[in-house]
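Okay, so here's the structure we're looking at.
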Amino acid sequence: MNIKYPDLSTSQSTYLVTIRREHQLILFLRAAVLILFLVLWEWTANTGIIDSFIFSSPSKIGTCFLTMAKDGTIFPHMSATLYETILSFLLVTGISILAAVFLWFSRNLSAVLEPYLVVLNSLPKSALAPLLIVWLGANRTTIIVAGMSVAIFGSIMTLYTCFIGTDKNKIKLIYTLHGTSVHVLTKVVLPSAVPTIISTMKVNIGLCLVGVIIGEFLAAREGLGYLIIYSSQVFKMDWLLMSIVLLCIMAMALYAVIGVVEKVYQKHF
């Protein structure tokens, strides 16, 4: 189907059509790779090339999900993980922006805290989870804090670096017009940092999901992380792989939501 853009020249219209076709080709190839993988997985499991008890198969995973969806047992696990991930993500985003603002206002404070932020960001967060259980107990708060711990320190460092890298000429112009630091922050620093904030949010949504799953491994009584641990202990591989697939779908859905926010920002600003 030929698509025409009447308001554009022939060369511009041809270029846009080419870009559109390339985008459609990429989407097609992505779908083809996924379908090929699923077909090969199903075929090798049915023919005995791989052990279907250990590796399961797409049909078994689908049947398992439909069975658990029919009796309603899967939805509490999905909603628990989704709630914990979204809450930890929102807290990380808000706290990171506030912390970066405080560090931007006080360069001495940032100089003192920067090495500690680097050390805390480099710590293996899975090692902190047992300590969080001792401090906070085996409850949902521990899981949310575990989700936050994976993303928050790196997020603060990224945003602060962006803040201090703001165009110095624009800042000088604000001060020349007798503006204050608050004016610089609200008129220059934060607006110019919005793309970085959105890109950081894209990274953080995945990191928070990872942290929540780590927390659910140790401190949960429901959630997809809990289901993964339980199914591995009782050798229900269909449950385990189904939970992993659901986590992938959940991550893609959350990432897509942030992508929509990014497109809205780009369209209006």
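The values are calculated or read from the model by the stated rules, or taken from the named source; none is laboratory data. These numbers come from a predicted model, not from an experiment. Heads up, the Cβs are rebuilt from the backbone with ideal geometry, glycines too, and the neighbour counts pull from every protein chain shown. These accessible areas exclude ligands, DNA and RNA; they are computed on the full protein's heavy atoms, side chains included. Shrake-Rupley method; radii C 1.70, N 1.55, O 1.52, S 1.80 Å.
Residue by residue through the stretch 19-68, note down the ones that are under 14 Å from ASP238 (Cα atoms), of a type in the set (Asp, Glu) and assigned to a helix (DSSP H, G or I).
Matches in the stretch 19-68: GLU42 only.
Within 26 Å of GLY94 (Cβ to Cβ), in contact with a Phe, Trp or Tyr (Cβ under 9 Å, 6 or more places away or on another chain) and of a type outside the set (S, T, N, Q): which single residue out of GLY215, GLY225, GLY211 fits that description? Talk me through it step by step, then tell me what you get.
Details: GLY215 fails: in contact with a Phe, Trp or Tyr (Cβ under 9 Å, 6 or more places away or on another chain); GLY211 fails: in contact with a Phe, Trp or Tyr (Cβ under 9 Å, 6 or more places away or on another chain).
Being within 26 Å of GLY94 (Cβ to Cβ), in contact with a Phe, Trp or Tyr (Cβ under 9 Å, 6 or more places away or on another chain) and of a type outside the set (S, T, N, Q) holds for just one of GLY215, GLY225, GLY211, which is GLY225.
Have a look at THR166, THR142 and point out the one that is open to solvent by less than 30 Å² (accessible area, probe 1.4 Å) and not in a helix (DSSP H, G or I). Spell out how you get there, then give the answer.
Working: THR142 fails: not in a helix (DSSP H, G or I).
Selected residue: THR166, the only one of THR166, THR142 that is open to solvent by less than 30 Å² (accessible area, probe 1.4 Å) and not in a helix (DSSP H, G or I).
Restricting to the stretch 42-93, and then to whatever is among the charged types (D, E, K, R) and in contact with a helix residue (DSSP H, G or I) (Cβ under 7 Å, 6 or more places away or on another chain), can you tell me which residue is surrounded by the fewest Cβ atoms within 10 Å (Cβ to Cβ)?
Kept after step one, since they are among the charged types (D, E, K, R), are these residues of the stretch 42-93: 42, 51, 60, 70-71, 84.
Checking which are in contact with a helix residue (DSSP H, G or I) (Cβ under 7 Å, 6 or more places away or on another chain) leaves us with 42, 60, 84.
Values: GLU42: 15, LYS60: 18, GLU84: 26.
Within the stretch 42-93, the match that is surrounded by the fewest Cβ atoms within 10 Å (Cβ to Cβ) is GLU42.
How about the stretch 221-267: which of its residues are of a type in the set (Lys, Arg) and under 19 Å from the mean Cα position of the chain (by Cα)?
Within the stretch 221-267, the first condition is being of a type in the set (Lys, Arg), and the residues that meet it are 221, 236, 263, 267.
Once the filter is applied, which keeps residues that are of a type in the set (Lys, Arg) and under 19 Å from the mean Cα position of the chain (by Cα), the stretch 221-267 yields only LYS263.
So HIS178 passes all but one of these: (1) in a helix (DSSP H, G or I); (2) at pLDDT below 90; (3) not small (Gly, Ala, Ser). Which condition number does it fail?
So HIS178 meets the others, but not (1).
Return yes or no: is GLU262 among the charged types (D, E, K, R), in contact with a helix residue (DSSP H, G or I) (Cβ under 7 Å, 6 or more places away or on another chain) and outside any helix (DSSP H, G or I)?
On the way: among the charged types (D, E, K, R): yes; in contact with a helix residue (DSSP H, G or I) (Cβ under 7 Å, 6 or more places away or on another chain): yes; outside any helix (DSSP H, G or I): no.
So GLU262 fails the test.
What's the number of the only condition in (1) open to solvent by 50 Å² or more (accessible area, probe 1.4 Å); (2) under 16 Å from the mean Cα position of the chain (by Cα) that THR161 fails to meet?
If we test THR161 against (1) open to solvent by 50 Å² or more (accessible area, probe 1.4 Å); (2) under 16 Å from the mean Cα position of the chain (by Cα), just (2) comes out false.
Hey, does the stretch 192-204 have a residue that's of a type in the set (A, V, I, L, M), without any contact (Cβ under 8 Å) to a residue 40 or more places away in the chain and either over 21 Å from LEU87 (Cα atoms) or touching a Phe, Trp or Tyr at 6+ places or on another chain (Cβ under 6 Å) (or both)?
Going residue by residue through the stretch 192-204, those that are of a type in the set (A, V, I, L, M) are 193-194, 197-198, 201, 203.
With without any contact (Cβ under 8 Å) to a residue 40 or more places away in the chain added as a condition, the list becomes 193.
Next, from what is left, pick out any that are either over 21 Å from LEU87 (Cα atoms) or touching a Phe, Trp or Tyr at 6+ places or on another chain (Cβ under 6 Å) (or both): 193.
For the stretch 192-204, residues of a type in the set (A, V, I, L, M), without any contact (Cβ under 8 Å) to a residue 40 or more places away in the chain and either over 21 Å from LEU87 (Cα atoms) or touching a Phe, Trp or Tyr at 6+ places or on another chain (Cβ under 6 Å) (or both): present.
Just to be sure before I move on: is GLU114 part of a helix (DSSP H, G or I), among the charged types (D, E, K, R) and over 25 Å from ILE214 (Cα atoms) in the structure I sent? Give the derivation first.
Working: part of a helix (DSSP H, G or I): yes; among the charged types (D, E, K, R): yes; over 25 Å from ILE214 (Cα atoms): yes.
For GLU114, the condition - part of a helix (DSSP H, G or I), among the charged types (D, E, K, R) and over 25 Å from ILE214 (Cα atoms) - is met.
In the set TRP104, TRP135, which member is over 23 Å from the mean Cα position of the chain (by Cα), part of a helix (DSSP H, G or I) and closer than 19 Å to GLU84 by Cβ? Let's see the steps before the verdict.
Values: TRP104 fails: closer than 19 Å to GLU84 by Cβ.
Criteria check complete, one pass: TRP135.
Answer with yes or no whether LEU91 is within 30 Å of SER181 (Cβ to Cβ) and in a helix (DSSP H, G or I).
Working: within 30 Å of SER181 (Cβ to Cβ): yes; in a helix (DSSP H, G or I): yes.
So LEU91 passes the test.
Would you mind stating whether ILE143 is farther than 29 Å from LEU109 by Cα, β-branched (Val, Ile, Thr) and in contact (Cβ under 8 Å) with a residue 60 or more places away in the chain?
On the way: farther than 29 Å from LEU109 by Cα: yes; β-branched (Val, Ile, Thr): yes; in contact (Cβ under 8 Å) with a residue 60 or more places away in the chain: yes.
So ILE143 fits the description; yes.
Return the total of residues in the stretch 212-264 being open to solvent by less than 60 Å² (accessible area, probe 1.4 Å) and of a type in the set (Phe, Trp, Tyr).
Here the count works out to 0.
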